[in-house]
């Protein structure tokens, strides 16, 4: 739930990559930022996963972000403008061989599409190299990485802008022997510990080997730079993470230890290298060991690049956030506002709401016009009539309840002002500790920071228990229908859905989908010689022959029109029509009579918004999406009024027809088919051959 601590610590970031999320499908992070995931792998006998990479996109970022699916569990790829970005997490050598890690890098596509002119590879590679990065040692994986960079012509941005600056700092505690001051200093220098000391001012050498006087941390130096380490904040962590942010055309990246970022729970017990509790803190000294494993690699030069290792930011991680910023060579596309108009419909339940009186006054002149048009022998302008009715409803809603913006997803209900205050205090004390003037003040401020961190973790756990209790109480006391609806929303929210997108933006995505649908429904595959359409009966018809009356319109509006459905192009839902039913039904009945008389309807009723729904496969392929049509609620109501007369006058359906019929469904058809197969087997001694056709 504390993903807010990440987004609030990096508010100017546009893209944030987090590795080691342990997230299993189809779960999502509770945030209002757009998110994409390479889900983790399940862990046997545990309710969490392992590995996993997440991408968070700032809602204010003006460029479209296209997620590119990857079959590798170590990679998350996306495209921003003409830049292809691969976020990679390569586990430490102990659990992932160096040859396999290099194979993951070699399999990364650098320029698979003509629209991609630059490629950035970022992430935790767990590779160290002294000559390339200014690290204090070189590992086998670092040597392989250096050779791969030379072979492919790639270069590392850390070497240009942050040479020698550690991205991972682990604070350790080592036992010392009390003889005299000389022995203490000699044992400290003989330990061979490398890395920047805790509290060292910015710009200090990463490999100075200075031992700080802070009494915290513990354990021995881990050359692999992998999981299970103790960070500079004294918090145990697992996997590292890295992110990218693009502020107004600039890209920056963020490194974070995700397991503490997402759960904010850890053990702060002080132990020795052997795992024994510390009885005499003065028998141990603390040191900080740094390594450079969170890297940014590029294929081409960037426009105004800069890379910063944010060593003064804690975010409860042993990895420092790393940001790479640059400018795009093309301006952002024109941002399209949310296409759906929305109102504060919850205010309609207020007895003092003025929606119904306002609509009655607005629709009265239109009612008189419809009465006169019904007696006229000239065909009216149905498009103008439909627009007038829609405008009356829109204006009445705006004046009475007001417009609103779409509610972004997130955990605003969870993140309270008390949590925000505790988080701000933790970050303030961490910054204050880094700026300690001397070792003694540093020890004091370190204790204050640990106390604030524990208080924040306690507040998170308390809020988590409180929100769960409130949810259970609400589910147990509310009506059964509301409880069922809540469960359906939870299940629907956990379903995997990949919206159709295009690397060049939403306009290009709409054009691509339109061309795909045009190729399917244009009728090019139909026979050239086919029967003509039946002749249209002469108009006008007699109004007395209209098969429904005002009571039917009122009944279908109250009882048969579905609620909580997505609106069509007129943005009107059934919930907006019920409060004004007394004034609306006479107007709708007159308008429906005109439609019957002239066999015409407004164009807006015949225009549908086609929305692609993801099925399976590559989400960038328009053929892997199922189109659905969102039509006007007035069209649906008119169809309901005509449905019963049409069914009564139409030929009877065959008895074998089971689809789209009341009180029939797939289980009935499956049972009949099963019985037919049994009879065939008994009669002929062998099961039948079945052929299923989807026509």
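Out of the strands (runs of 3 or more DSSP E) lying entirely within the stretch 1-113, which hold 2 or more residues that are within 24 Å of residue 127 (Cβ to Cβ) and touching a strand residue (DSSP E or B) at 6+ places or on another chain (Cβ under 6 Å)? Because the criterion is at least 2 residues that are within 24 Å of residue 127 (Cβ to Cβ) and touching a strand residue (DSSP E or B) at 6+ places or on another chain (Cβ under 6 Å), the strands (runs of 3 or more DSSP E) in the stretch 1-113 that meet it are 15-19, 53-57, 75-80, 83-89. Could you please let me know if residue 304 is touching a strand residue (DSSP E or B) at 6+ places or on another chain (Cβ under 8 Å) and over 30 Å from residue 436 (Cβ atoms)? For residue 304, the condition - touching a strand residue (DSSP E or B) at 6+ places or on another chain (Cβ under 8 Å) and over 30 Å from residue 436 (Cβ atoms) - is met.
Restricting attention to the stretch 421-441, which residues are under 26 Å from the mean Cα position of the chain (by Cα) and either assigned to a loop (DSSP other than H, G, I, E, B) or without any contact (Cβ under 8 Å) to a residue 12 or more places away in the chain (or both)?
Across the stretch 421-441, the qualifying residue is only 424.
Hey, does the stretch 191-198 have a residue that's modelled with pLDDT under 90, crowded, with 16+ Cβ neighbours inside 10 Å and in contact with a helix residue (DSSP H, G or I) (Cβ under 6 Å, 6 or more places away or on another chain)? Looking through the stretch 191-198, none of the residues is modelled with pLDDT under 90, crowded, with 16+ Cβ neighbours inside 10 Å and in contact with a helix residue (DSSP H, G or I) (Cβ under 6 Å, 6 or more places away or on another chain). Taken over the stretch 161-179, the criterion of being at pLDDT 90 or above and either out of contact with any helix residue (DSSP H, G or I) (no Cβ under 9 Å at 6 or more places or on another chain) or not assigned by TED's automatic domain parsing to the domain that holds residue 126 (or both) is satisfied by 161, 166. Scanning the stretch 487-505 for residues that are modelled with pLDDT under 80, over 14 Å from residue 615 (Cα atoms) and surrounded by 11 or more Cβ atoms within 10 Å (Cβ to Cβ) yields 493, 494, 503, 504, 505. No other residue among 72, 77 is within 26 Å of residue 300 (Cβ to Cβ), surrounded by fewer than 23 Cβ atoms within 10 Å (Cβ to Cβ) and free of Cβ contacts under 8 Å to residues at least 60 places away in the same chain apart from 72.
Give the residues of the stretch 643-695 that are assigned to a helix (DSSP H, G or I), more than 42 Å from the chain's Cα centre (by Cα) and closer than 30 Å to residue 588 by Cβ, sorted by residue number.
If the condition is that a residue be assigned to a helix (DSSP H, G or I), more than 42 Å from the chain's Cα centre (by Cα) and closer than 30 Å to residue 588 by Cβ, then 644, 645, 646, 647, 648, 649 are the ones that fit.
Only a single item in (1) in contact with a helix residue (DSSP H, G or I) (Cβ under 8 Å, 6 or more places away or on another chain); (2) modelled with pLDDT of 90 or more; (3) not in a loop (DSSP other than H, G, I, E, B) is not met by residue 610, and it is number (2).
Residues considered: 486, 512. Of these, the only one that is part of a helix (DSSP H, G or I) and free of Cβ contacts under 8 Å to residues at least 40 places away in the same chain is 486. When only residues in the stretch 558-579 that are farther than 18 Å from residue 403 by Cα and touching a helix residue (DSSP H, G or I) at 6+ places or on another chain (Cβ under 6 Å) count, which is surrounded by the most Cβ atoms within 10 Å (Cβ to Cβ)? Step by step, filter the stretch 558-579, then rank; the result is 561. Within the stretch 401-418, the set of residues being farther than 30 Å from residue 571 by Cα, in contact with a helix residue (DSSP H, G or I) (Cβ under 9 Å, 6 or more places away or on another chain) and either surrounded by fewer than 14 Cβ atoms within 10 Å (Cβ to Cβ) or without any contact (Cβ under 8 Å) to a residue 60 or more places away in the chain (or both) comprises 416, 418.
The values are calculated or read from the model by the stated rules, or taken from the named source; none is laboratory data. Just so we're clear, the structure is a prediction, and the values are computed from it rather than from any experiment. All Cβ positions, even for glycine, are placed from backbone atoms using ideal geometry, and neighbour counts span all protein chains on display.
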